[in-house]
Amino acid sequence: MIKKAIAVMTSGGDSPGMNAAARAVVRTALYEGVGVYGIHNGYQGMVDDDIEKLTSRSVSDLIQRGGTFLGTARCMEFKTPEGRKKAFDNLVKHGIEGLVIIGGDGSLTGGSLLSRETGLPIVGLPGTIDNDVWGMDYTIGCDTAANTIVDAINKLRDTASAHRRIILVEVMGRNSGWLAMMSGIAGGAEYILVPEVKFNVDTMCKELKEMYEKGKRYSIVVVAEGAGSAVEIGKEVEKKTGIDTRVSVLGYIQRGGSPSVQDRMRASMLGEKAALAIISGATNIVFGFNEGRVVGVNLFDAVNNKRTLNPELVRLSRVLA
Ligand code: ADP
Ligand code: F6P
């Protein structure tokens, strides 16, 4: 049992809902009579001792805000054993007995090493828009990000239809096609290019040209950044089809925005779960959602396995095109 204090941090690419999760961790810990510290700027803050005692008021007016009030960062020093030792010593100095990490697979990997090297109790929450954490089919922020992308696709449809164009939309996901697949299917895209599935640009161009010649007014192609550059692929598409082609790289707009109801609800439930688990003495668990229910996944399993794309969705995206 933890009686004195825990800490919470956000790390890696920010995502809408991180604030809701951190807010739930803080308020649950305080409700249980356990102190809670906020680590600013991810592992960089842990290394630099940028650690602040939080109160219930520290997380006021946050649930509706994207980003993360704690800040996040990429920290190369933490990738070294010396950096992790320095970080751990800072936690000990504050009397912190357990740590909740809200981040993607990289951040959770860092947490698994910290746990193994120091024995510090660690519980993770999947804070990333990529939806690519093993053992679960949802990550905090993926719903808001997918809705942002679909809103952009809806707008791009108008101009693509007006000009009878093909428009390629490049979306985030680093090395995973999940976000592209979700938003591509929801956005009614004709093609969805993902790193997990080999594609042939010549075949795609042939099919796009045939659809156009049969009267299709415009096409939308969603390109996951891990599958390639939409700008380069767009040049090939225009050359091989002869159809006016444009490209929109959505970039960082996908990471912002007020979190959706689903992200707020699920982030709040996961934040409470993580706080109660770490206080009760649990460790090396990542809490997430799978098939609509909260699941606990072993931290080392989560970081040592890659979440694969559901082939059913790949098939569906071709059938509905
Ligand atoms: P995300 O958590 O969104 O995947 P990153 O992959 O950038 O984001 O990881 C965020 C931070 O986690 C890194 O800047 C680094 O401090 C830490 N981290 C990532 N991978 C490792 C690793 N293999 N070993 C130690 N720390 C890591
Ligand atoms: O991991 C989340 C993510 O948004 C990826 O989808 C994207 O490729 C990456 O972060 C961008 O990283 P940065 O914010 O460091 O440019």
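The values are calculated or read from the model by the stated rules, or taken from the named source; none is laboratory data. In this text, all values refer to a predicted model and were calculated from it rather than measured experimentally. Backbone-built Cβ (ideal geometry, glycine too); neighbour counts: all protein chains shown. Remember, those area values only see protein heavy atoms, side chains included, never the ligands or the DNA or RNA. Shrake-Rupley method; radii C 1.70, N 1.55, O 1.52, S 1.80 Å.
State the antiparallel share, in %, of DSSP beta bridges confined to the chain, rounding to the nearest 5. Spell out each step's value before the answer.
Details: 10 of 42 bridges.
Just about 25 percent of them are antiparallel.
Counting every alpha-carbon pair across region 1-118, the share separated by more than 17 Å comes to 50%.
If you take all other residues with their beta carbon under 12 Å from the beta carbon of Ala152, and give Lys and Arg +1 and Asp and Glu -1, the sum is -1. Over all other residues within a Cβ to Cβ distance under 11 Å of Asp49, the charged ones net out to -2, with Lys and Arg as +1 and Asp and Glu as -1. Panel note: the C-alpha atoms of region 46-112, placed on their principal axes, show extents of 37, 27, 18 Å (largest first). Considering only Ile243, Gly173, Gly106, and ranking their Cα positions along the charge dipole of the chain that arises from unit charges at the beta-carbon of Lys, Arg, Asp and Glu, the one farthest toward the positive end is Ile243.
For region 143-256, the residue among Ala227, Gly188, Gly256 whose Cα projects farthest onto the positive side of the dipole built from Cβ charges is Gly188.
Restricting to Cα atoms and excluding each atom paired with itself, what does the Kirkwood estimate give for the chain in Å?
Result for the chain stands at 20.4 Å.
A simple charge model with +1 on the Cβ of Lys and Arg, -1 on the Cβ of Asp and Glu and nothing else charged puts the dipole of region 143-256 at about 260 debye relative to its Cα centre.
When the surface is traced with a 1.4 Å probe over the full set of protein chains, His94 keeps roughly 50 Å² accessible.
Per the Kirkwood formula applied to alpha carbons, region 143-256 shows a radius of gyration over Rh ratio, Rg over Rh, of 0.94. With contributions of -39500 (n - 2.57) from each DSSP H run of at least four residues, the per-residue ellipticity at 222 nm computed over the chain stands at -13500 deg cm²/dmol. When the Gaussian network model of the chain links Cα atoms closer than 10 Å, the mean-square fluctuations of Glu210, Glu190, Glu97 top out at Glu210. Straight-line cross-link partners of Lys216 among the lysines, defined as a Cα under 23 Å from its Cα and at least 8 positions apart when in the same chain: Lys155, Lys206, Lys235, Lys239, Lys240.
Here the gap between Arg318 and Thr203, fully extended at 0.36 nm per residue and compared with their Cα-Cα distance, gives a gain of 40.1 nm. What residue among Ala22, Ala230, Ala267 has the largest mean-square fluctuation in a Gaussian network model of the chain, using Cα springs under 10 Å? Result: Ala230 has the largest fluctuation of those listed. Taking the centroid of alpha carbons for each part, region 1-60 and region 119-190 are 27 Å apart. As an equivalent ellipsoid, region 88-130 spans semi-axes of 20, 11, 8 angstrom, where each value is the square root of five times an eigenvalue of the C-alpha gyration tensor, largest first.
Counting charges near Ile253 (Lys, Arg +1; Asp, Glu -1) among other residues having Cβ under 15 Å from its Cβ returns a value of -2.
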